[in-house]
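Peer 1: One structure, as structure tokens, below. Some questions next.
The values are calculated or read from the model by the stated rules, or taken from the named source; none is laboratory data. Because the structure is a prediction, the values reported are computed rather than measured. Positions of Cβ are backbone-derived with ideal geometry, glycine not excepted, and every protein chain shown enters the neighbour counts. Surface areas here come from the heavy atoms of the whole protein model, side chains and all, with no ligands, DNA or RNA. Shrake-Rupley method; radii C 1.70, N 1.55, O 1.52, S 1.80 Å.
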Amino acid sequence: MPHRDADASSKRARLIILSTGGTIAMTTETAQGGAAMKLGAANLAGAVPRLADLAEIEGRDVLAKPSADFTLADIVAIADAAQAAAETGAGIVITHGTDTLEESAFALSLLVQVEMPIVFTAAMRRPDQPSADGPANLLAASRVAISPASRGKGILVVADDEIHAGPLIRKVHSFRPHAFSSLPFGPIGYVAEERVRFALAPASRPPGLAYGGGAPVVPILEAGPGLETQTVEALAAGAIDGLVVNLPGAGHSAAGAVPALAGLAERIPVVFASRTGAGETLRGSYDYPGGEIDLIGRGLIPANALDARKARITLQLLLSDQADLGQVRTVFDRF
Ligand code: ASP
């Protein structure tokens, strides 16, 4: 049976495009041969001719920055803009830099829990480059954002005609157009021509968090074999509000660094994540000094299925909202 064009049924749909910067909004080489931020939401929408046939489109410029420059307050500004847009009943597309899209998509899954679709998209190649991917990504993301099938699916990310659950996405290549992955799970749907197809739905909603202001300092310490006590002590001597330790395996530290980590965990939340990229931190399997049973017994908090970057954003939001250690533990227990 031929598929009727979804455009026809969604003519009156409303779409709000929130632009925040990134390569998708860059063009024109600088004297050094690099890209500079040029395009707002209206330019982006105007550059994709078929977009205007899909829906009534409104563009709102929220930020115009490379995404590695975003502060926690910037990410919260994107969340607030998305919340306000969702309250109008429109579908929402957020154009964003690819570099830290995973942190923003994850943060919005904690901060904005609405039925209306909120869809991030981006580009690896700017509009004036051969094989620019921004226009196709924006068109596909817009189709997803106005599709009734996308409602209630939480934060989504659309790139290369794939639909990903926002909380699972990671940037996995530094320059190729196909730069996003949500492995080990994979995309939950795709866009084929004008059709939006979902094969899977996110199993549950992440906990809802609020931003309380400020910018809690939460470094990530990536550990390999032989994590040095001095490295932990140097961080502990600084003005940090929390720490995420990205540990080998299921959450295993060199034994020698454990007293320093445990001492720090008496003062501030110390969360440990698995650096493997899949699975989760264990709780009851390894009972040697530095094993996860030892770390948990000494007050460190397992990140469970969150990777270190997502654990960091979660801890920053919790600390911004004055969460105590018990509240931090309770939230991490939900992942
Ligand atoms: N530097 C860009 C950013 O803002 C990279 C990109 O968008 O691909 O993340």
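Peer 1: Those residues that are hydrophobic (A, V, I, L, M, F, W, C), within 16 Å of the ligand (Cβ to nearest atom) and surrounded by fewer than 16 Cβ atoms within 10 Å (Cβ to Cβ), I need them from the range 162-207; list them, please. Steps first, answer last, please.
Peer 2: Keep residues of the range 162-207 that are hydrophobic (A, V, I, L, M, F, W, C), which gives 163, 165, 168-169, 172, 175, 179-180, 183, 185, 188, 191-192, 196, 198-201, 203.
Adding the requirement that they be within 16 Å of the ligand (Cβ to nearest atom) leaves 169, 172, 175, 179-180.
Once the filter is applied, which keeps residues that are hydrophobic (A, V, I, L, M, F, W, C), within 16 Å of the ligand (Cβ to nearest atom) and surrounded by fewer than 16 Cβ atoms within 10 Å (Cβ to Cβ), the range 162-207 yields Val172, Phe175.
Peer 1: Please determine, by comparing only the residues of the range 55-70 that are out of contact with any Asp or Glu (no Cβ under 8 Å at 6 or more places or on another chain) and in a strand (DSSP E or B), which one is farthest from the ligand (Cβ to nearest atom).
Peer 2: This residue is Glu56.
Peer 1: Within the group Asp241, Asp294, Asp287, Asp333, which residue is open to solvent by 10 Å² or more (accessible area, probe 1.4 Å) and without any contact (Cβ under 8 Å) to a residue 12 or more places away in the chain?
Peer 2: Criteria check complete, one pass: Asp287.
Peer 1: Same structure, new question: Please tell me if Asp307 is surrounded by 19 or more Cβ atoms within 10 Å (Cβ to Cβ) and not aromatic (Phe, Trp, Tyr).
Peer 2: Taking the combined requirement at face value, the residue satisfies it.
Peer 1: Among the residues of the range 303-335, how many are of a type outside the set (A, V, I, L, M, F, W, C) and over 20 Å from the mean Cα position of the chain (by Cα)?
Peer 2: 6
Peer 1: For the range 37-54, which positions are of a type outside the set (D, E, K, R), open to solvent by 30 Å² or more (accessible area, probe 1.4 Å) and outside any loop (DSSP other than H, G, I, E, B)?
Peer 2: Met37, Ala42, Asn43, Gly46, Ala52
Peer 1: Looking at Ala73, is it farther than 27 Å from Gln129 by Cα and in a helix (DSSP H, G or I)?
Peer 2: Taking the combined requirement at face value, the residue satisfies it.
Peer 1: Scan the range 240-264 for residues that are under 19 Å from Lys310 (Cα atoms) and outside any loop (DSSP other than H, G, I, E, B) and jot them down.
Peer 2: Leu243, Val244, Val245, Asn246, Leu247, listed by residue number.
Peer 1: Moving on to the next point. Regarding Pro148, is this residue surrounded by fewer than 24 Cβ atoms within 10 Å (Cβ to Cβ) and at pLDDT below 95? Spell out how you get there, then give the answer.
Peer 2: On the way: surrounded by fewer than 24 Cβ atoms within 10 Å (Cβ to Cβ): yes; at pLDDT below 95: no.
Against the criterion (surrounded by fewer than 24 Cβ atoms within 10 Å (Cβ to Cβ) and at pLDDT below 95), Pro148 does not qualify.
Peer 1: Mind telling me which of the residues Gln322, Gln316 ends up being assigned to a loop (DSSP other than H, G, I, E, B) and open to solvent by 10 Å² or more (accessible area, probe 1.4 Å)?
Peer 2: Details: Gln316 fails: assigned to a loop (DSSP other than H, G, I, E, B).
None of the other options fit; the residue is Gln322.
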